Each structure stands twice: as C-alpha cells, then as structure tokens.
1. Tally Lys and Arg at +1 and Asp and Glu at -1 over the other residues with C-beta under 9 Å from the C-beta of residue 116: what net charge comes out?
2. Using the alpha-carbon atoms, what tilt in degrees (0 to 90, nearest 10) does helix 33-43 show relative to the longest principal axis of the chain?
3. Measure out, as a whole number of angstrom, how far apart the alpha-carbon centroids of the stretch 233-269 and the stretch 111-150 sit.
4. Quick check on the chain: helices-only [θ] at 222 nm, where DSSP H runs of length 4 and up contribute -39,500 (n - 2.57) each and the sum goes over total residues. Nearest 500, please.
5. How do 421, 282, 33, 263 stack up against each other in accessible area, from largest to smallest, with a 1.4 angstrom probe?
6. Could you count how many Lys pairs in the stretch 337-413 have their Cα atoms under 14 Å apart, skipping same-chain pairs fewer than 8 positions apart?
7. Express the relative contact order of the chain as a whole percentage, based on alpha carbon pairs under 8 Å and six or more residues apart in sequence.
8. If the cut-off is a Cα-Cα distance under 27 Å, which lysines reach residue 55, setting aside same-chain residues fewer than 8 apart in sequence?
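The values are calculated or read from the model by the stated rules, or taken from the named source; none is laboratory data. Fair warning: this is a prediction, and the values are worked out from it, not measured in the lab. When we count neighbours, we look across all protein chains shown, and the Cβ atoms used for this are built from the backbone with ideal geometry, even at glycine. Heads up: the accessible areas ignore ligands, DNA and RNA and are worked out on the full protein's heavy atoms, side chains in. Shrake-Rupley method; radii C 1.70, N 1.55, O 1.52, S 1.80 Å.
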Amino acid sequence: MENSSLEQVLQDAKLHRQINSLIVAHLRDNNLYQAASVVASATMTSLNDEAPPNKLLELVAKGLAVEKDEMLRGVPSAAFDLGTSIPSGYGSIPAPRTAAVDFGAVQETKGSSKSFPKHETRHLSEHKNIARCARFSPDGKFVATGSSDTSIKLFEIAKIKQMMLPDARDGPVRPVIRTFYDHLQPINDLDFHPQNTVLISGSKDNTIKFFDFSKMTAKRAFRVIQDTHNVRSVSFHPSGDFLLAGTDHPIPHLYDINTFQCYLSANAPEIDVNGAINQVRYSATGGMYVTASKDGTIRLWDGVTANCVRSIAGAHGTAEATSANFTKDQRFVLSSGKDSTVKLWEVGTGKLVKQYLGATHTQLRCQAVFNDTEEFVLSIDEPTNEIVVWDALTAEKVAKWPSNHIGAFRWLEHSPTEAAYVTCGTDRSIRFWKESL
C-alpha cells in the first residue's frame, strides 16, 4: 500500500476512535450509564475518557449548519470519503435471510428437523500444496484461501457464480482476482478487515501480514506484525482497530493495528504447556472472544479487560478443541474437537446445550460451522471424506454428502450472507458449494 493509503487507513481508524469516545462520553454525561457501558464494551473504548461537556452535540450542530448552508448555496452534498482503497459497496452487509435461531427457547424439537437444501459444487482452483484454510469477507462478496505453499488466493463470489452458469458465453471466467506471496511458511488462518479492503494472514513463520486487495498489482504485504510464536489463528475486532492472534503461546495476543502494540491478559488462568490455541474468534460486537485450545479447553474472554471469564475444561475430553465460534446473538458458542464431537455451549453458564454426533474427526484441525441462518451445523467426516449436516435445533443428522475432494478435506467455511460454502482439501483444491436453484 502506498504511504498515502496507509495514512488514510490510520486517519480513518483514529477518527472512528474519536467518534466512539464522544458517543460514550455523551451517554455517560447524560446519566445513561448502562448504554455508555454497552457502547464502550462493544468498541473497546474507555468509559472514563475526558471530553468537553456537550462536545458531540456541538459538533453535530455545526455539521448540520454547514450542510444547511451548502444546500442553500446549491452545493451538492458529498458522502464522507473513506479513501480510494474501498470499492463501491464493500463492507455493506445484506439483511439476513431469516430471523436468528433462538437456542435458548424451550421447545419440543423431536421429529421437527428441517431438510438441508441440495447444493451444487464446482472445482475453483488449486494451490501448489495442501489448501489449509478459508475465510469469507463480512459482506460475503469475497473468499480467501491459504495454503502450505505459502500463497493466498482471493476469489470474487460474483465471478464464481458466473463461472457456474451453464450458458456462460463470454469465454472462461477466472474467479481468482488476486494471489499473494509473502510468507515463508504455511498459512494457518485468514480474516478480512470489517470496513477496509485489507486481508490479514497468520502463518507458521510467526507473522501476521496485511494485504491491500484493492490494488491489482500488489503481491506483497504492506504491513507485518512479527509475533514470537507460530500464529495459528487471527480475528479482527468488529471496529477494525484491533486484532487477536491465537498462537502456540496459551494466552491470546491482542494487537492495536495502529501502533502494533501487543497486549496480554494481566489475569490469565494457569494453562499447562499443551495450551496452544487452535482458533480464536471475536463475538459480533467484540464484547467477548473465545479460544479453542490443544488442551481440550474452550475459554471465554472479556473483550475489554482481556480477562478469562470462563474456562470449559475438558470440553472435548482429553482431545484437542479445534474450532470455536459465537452465535450471532453471542449467547452460545459452537465448538468442535478431535474427540469426534461438535458441541453447543451456553456462554452465560458454560453449560452444554446440544451435541452433534455422527461425524468422525480425530486427525485434522476440523471446523464446525453454522450456515448463514444458523438453522444448520456443518462439519467433516474424515474416514468417509463426507460433509455432515445437522439440524441446529434438533441436533439430528439431516445430510451427508461426498466432499468430491481426493482424500480428506481440511477446512469448511460457510458464507455469512447466503447458502454457500467452500471446502479446502489435502488434494490442494478449493471447491465452492451453493444451493441448487
């Protein structure tokens, strides 16, 4: 990224922090303490930031006055420019297809399982070595994959769909729009910035690298965080100002992306030598994050204080916990482990709510994920090389499909916005799946 673009990203991040601080101060100074606390927690803003009384009101009033004056003078109002690195529409998330599933509701679910729609699949591309991980952008318009060959491929979903049309008349469509080469060791995990066209990768070479995918010719990272350990997992805070790294170190590493300052929990629990983190993920608001560790424990952390607020020891027996993700309402966590179970946990109590059984995964870093509506849970059966699907509410197995990979596939990632997912294989290939129309 050019210096001007980098400066723009930094300026935007600083402006977001200033706005968040003013909102929290405004709510606090108007005795709306609970609301101030919620906003502060969600945006990782201090509750005690000093701000002149009524500063937010003063700035809004001035802005409205300028806007009114411009209207009277016939000056067209321009949208706030967040920099040229953001293509039109990036980051705008469509409305969900259905209302979120309420796993806390007491209901009779026996015999009420939904059927999982048929999907069609297409081979997209191949890496030069094992395809290890994948991640969709928050708006569902892009998906990135990482490989043992140290490369990252970026696909545009619209082009994938065009490629899958039976009557594509414009010649071959190439869905890979970027390929990045800048790591020295295999890629472990990826994530997209929530607002800007920035992709990050965590690698066995102990680095987190930042790639600007708005630039067609950029092959290398424009920023690098040098960690002290193998970076096994990465997750952006919803504000985009912070990121978490899960590493071979048992405590998550929290980075401020503007200063690259690294923070560790001051009150971390005692974790044995086998506590390396397989996956770390923020909740939707950033108020919490979750880790799945090699010691079989699922840990819940406060997103503001970085304190571990709950440890679910032996969540997957003595086997590794390989993945963990929050539900959209942040009340539950879905985890998978090398004990061949997928489990749903209540965040508030640590209680096991549901188990999804019938898929064997004991060797690879298996993922269990919700579909975009949270009506279904998807995971991997290693011996049969199949995709297994359960009804999320009844925990009944409703589908089992061949993966079409040669040999066991390593990763499954579902789109956050539609009925589509990708699978990554030990056969080096990437496959895209979408609901058949």
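1. Values: positive: 114, 118; negative: 375, 391.
That sum, taken over residues with Cβ under 9 Å, equals 0.
2. 60 degrees
3. 26 Å
4. Estimated from H runs of four or more residues: -5000 deg cm²/dmol.
5. On the way: 421 0, 282 25, 33 135, 263 105 Å².
Sorted by accessible area, descending: 33, 263, 282, 421.
6. Here the count comes out as 4.
7. 14 percent
8. Once the sequence-local lysines are set aside, what remains near residue 55 is 14, 68.
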